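What follows is a single structure, written as structure tokens, with notes after it.
The values are calculated or read from the model by the stated rules, or taken from the named source; none is laboratory data. Note that this is a predicted model, so its numbers are computed, not measured. Please note: Cβ atoms are built from the backbone with ideal geometry, for glycine as well, and neighbour counts cover all protein chains shown. Side chains included, ligands, DNA and RNA excluded: accessible areas come from the protein's heavy atoms. Shrake-Rupley method; radii C 1.70, N 1.55, O 1.52, S 1.80 Å.
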Amino acid sequence: MSERPIRVLIAKPGLDGHDRGAKVVARALRDAGMEVIYTGIRQTPEMIAEAALQEDVDVIGLSILSGAHMDLFPRIVEEIKRRNVNDALLVCGGIIPEEDIPALEQMGFVGVFGPGTSTQDLAKFIRDEVGQRRTRSAQSPSPAR
Amino acid sequence: MDTEWIEAVRAGNPRAVARAISAVERGGPGAHAVIAALFPFTGRAQIIGVTGAPGTGKSTLVNELAKYYRRRGDRVGIVAVDPTSPFTGGAILGDRLRMQDLSGDPGVFIRSMATRGSLGGLASATFDAVQVLDAAGFDLILVETVGAGQSEVDIAKNAQTTVVVDAPGLGDEIQAIKAGILEIADVLVVNKADRDGAGATVAALEMNLNLKPKSEKSWRPPVLKTVAIRGEGTGDVVDWIGKHRAYLEAEHLLKAKERARFRSELDMVLQRELMSRLLSHLDGDEMDSLVDKMASREMDVYQVANQLLHAAERSQA
């Protein structure tokens, strides 16, 4: 049996409709051999958490260009935790000022990717991080895993 | 073995259901264990397939159908399949995008699946995922295939009722009389019926149905017009799915359908298992050298296949 594909949720929280970046990322991750669940724009924190739960994703990627990340991201993290989706990797991208990054890392985001990030670097980052998590979770047996 | 998760799946716990579907998707002994544990609790759900060409509006129609069933009080499971790239193994699963009305409703569970190399319009684990949802107590399970061409007809073996979605402008009367996808329809839908040519599409489909020899008891699929994006005509689709179900019950066809489904499942699993056992005897170099022999015209494909089969039989004897 070959390694199962990495499943990634790509979502755009909030009200900005600039989804070109999210689509470019979705397409690049597809080309890197991942299964990308694309949910599109204007997602509420509940919708994002619900999709992550049902789709059992390895990665949750949020794209935001409106500047509302410090309001929306904590609510998304809360909704995700409330549903016990605690093993998914959190990454985000878009227009995010440098000074917000420590707070986002505090919230649990392991990667914050701004404009100019190479999609190859992003794919490699995700593959490495998910690989490490899978090795760790393989050592601790859990039901139906 | 830990059995807590079985109870959690049966209680419809979304985390447990999601995990169980991931396990069946992964295949191997883990998948077999999940199905073995849940199989006794399956067989209650009504399974409806939705298929049709890419862009005809399958996901939007599924969204509307699910809203109808929710209003009736049914719990609805959805499995939506999109294609895996044959080159990279990646996939964009975008059906959820059209189903946002259902988000936040605990009575709906949506799962996107990639085909992962399987042909026929479904993933090889699609039916296993349906069984997980069935055991989790979903009353209705809607299975949306990949955008189907003409011969992706596996859904008809998996679903009790198959809805085929067409749209105006996709072909003439000759397309309508070809064999394949139109033959598996229990309900035919012409979506985007507000567009030019909808009448001609309906007429072509009706003509094709009229050419079929009539027998008293056989089911004649209705041809329904919808504009799914505005919810127009979707109530009729629900009604006709209900009528088809009643027909299956009245004619005692449900059991026969289920037997046919199990038979085709068994064929598929045997093919997969035999293939993997056969290939497990072989290393990559051996395979390469056999392909070399074909490339140099020393052996043809049947000679190579027979040689491999004989070798496998000998190693078992």
Is it possible to state the helix-based mean residue ellipticity at 222 nm for chain B, with each DSSP H run of 4+ residues giving -39500 (n - 2.57), the sum divided by total residues, to the nearest 500 deg cm²/dmol? What is it? -14500 deg cm²/dmol
Compute the length gained on full extension between B:Leu119 and B:Phe87: take 0.36 nm times their separation in residues and subtract their Cα-Cα distance, giving the result in nm to one decimal. 10.0 nm
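Size of the dipole of the protein assembly as shown about the Cα centre, Lys and Arg at +1 and Asp and Glu at -1 on the beta carbon, nothing else charged, in debye to 20? Write down the numbers at each step before the final one.
On the way: 55 positive and 63 negative charges, 197 e Å.
Using only the charged Cβ atoms, the result is roughly 940 debye.
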Calculated FRET value between A:Gln132 and B:Asp300, using beta carbons and R₀ = 45 Å, to 0.05: 0.40
Leaving ligands, DNA and RNA out of it, work out the accessible area of A:Val130 with a 1.4 Å probe and give it in Å² to the nearest 10. 10 Å²
Report relative contact order for chain B in percent, whole number only (criteria: Cα-Cα under 8 Å, sequence separation at least 6). 18 percent
Residue-wise HN-Hα coupling along region B:245-252, computed from phi with Karplus coefficients 6.51, -1.76, 1.60 (Hz; x: Gly, Pro): 4, 4, 4, 4, 5, 5, 8, 6
Using the Karplus curve 6.51 cos²θ - 1.76 cosθ + 1.60 with θ = phi - 60°, work out ³J(HN,Hα) for each residue of region A:3-16 in order, rounded to whole Hz, and write x for Gly and Pro. 4, 6, x, 6, 9, 10, 9, 10, 9, 10, x, x, 9, 6
Fraction of antiparallel bridges per DSSP, chain B only, in percent to nearest 5: 5 percent
Which value in nm describes the separation of the simple spin-label points at B:Ala260 and B:Gln100, placed 7 Å from the Cα toward the beta carbon? 3.9 nm
Which order do you get for B:Lys212, B:Lys58 if you rank them by accessible area with a 1.4 Å probe, largest at the top? B:Lys212, B:Lys58
Could you check which residue among B:Leu142, B:Leu266, B:Leu102 shows the biggest mean-square fluctuation in a GNM of chain B with a 10 Å Cα cutoff? B:Leu266
What do you reckon, how do B:Tyr68, B:Tyr247, B:Tyr302, A:Tyr38 stack up by accessible area (1.4 Å probe), largest on top? B:Tyr302, B:Tyr68, B:Tyr247, A:Tyr38
Between B:Ala200, B:Tyr69, B:Gln160, whose Cα lies farthest towards the positive end of the dipole of region B:41-251 when Lys and Arg beta carbons carry +1 and Asp and Glu beta carbons carry -1, centred on the Cα centre? B:Tyr69
Hey, what do the phi angles of region A:61-73 turn into as Karplus ³J(HN,Hα) couplings, whole Hz, using 6.51/-1.76/1.60 and θ = phi - 60°, x for Gly and Pro? x, 10, 10, 8, 10, 8, x, 8, 4, 6, 8, 7, 4
So for region A:7-135, taking the charge dipole from beta-carbon charges (+1 Lys/Arg, -1 Asp/Glu), which of A:Gln120, A:Leu62, A:Gln106 sits furthest toward the positive end? A:Gln120
Between B:Gln307 and A:Met70, how many nm apart are label points set 7 Å from Cα along the C-beta direction? 7.0 nm
Accessible heavy-atom area order of B:Trp219, B:Trp240, highest first, probe of 1.4 Å: B:Trp240, B:Trp219
Among B:Met294, B:Met268, B:Leu309, which residue has its Cα furthest toward the positive end of the charge dipole of region B:266-316, with +1 on Lys/Arg Cβ and -1 on Asp/Glu Cβ? B:Met268
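Compute the semi-axes of the equivalent ellipsoid of region B:266-316, taking the square root of 5 times each eigenvalue of the Cα gyration tensor, and list them largest first in whole Å.
For region B:266-316, the semi-axes come out at 22, 12, 11 Å.
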GNM, chain B, Cα, under 10 Å: largest mean-square fluctuation among B:Ile155, B:Ile92, B:Ile181? B:Ile92
Out of B:Ala204, B:Ala148, B:Ala246, a Gaussian network model of chain B with alpha-carbon springs under 10 Å gives the largest mean-square fluctuation to B:Ala246
Note down the nm distance, to one decimal, between modelled labels 7 Å out along Cα→Cβ at B:Leu278 and at B:Ala246. 4.8 nm
Taking a probe of 1.4 angstrom, what is the accessible area of B:Lys157 in Å², to the nearest 10? 100 Å²
What full-extension length gain, to one decimal in nm, is calculated for B:Lys212 and B:Asp267 as 0.36 nm per residue of separation minus the Cα-Cα distance? 16.8 nm
Going through region B:267-304, which GluC sites (Glu not before Pro) have at most 14 other Cβ atoms within 10 Å and a DSSP loop state? B:Glu298
Rounded to one decimal in Å, the inverse mean reciprocal Cα-Cα distance for region B:41-251, i.e. its Kirkwood radius, is 17.3 Å
Show that you can apply the helix-only estimate: for chain A, add -39,500 (n - 2.57) for every DSSP H stretch of four or more residues, divide by all residues, and state [θ] at 222 nm to the nearest 500. -14000 deg cm²/dmol
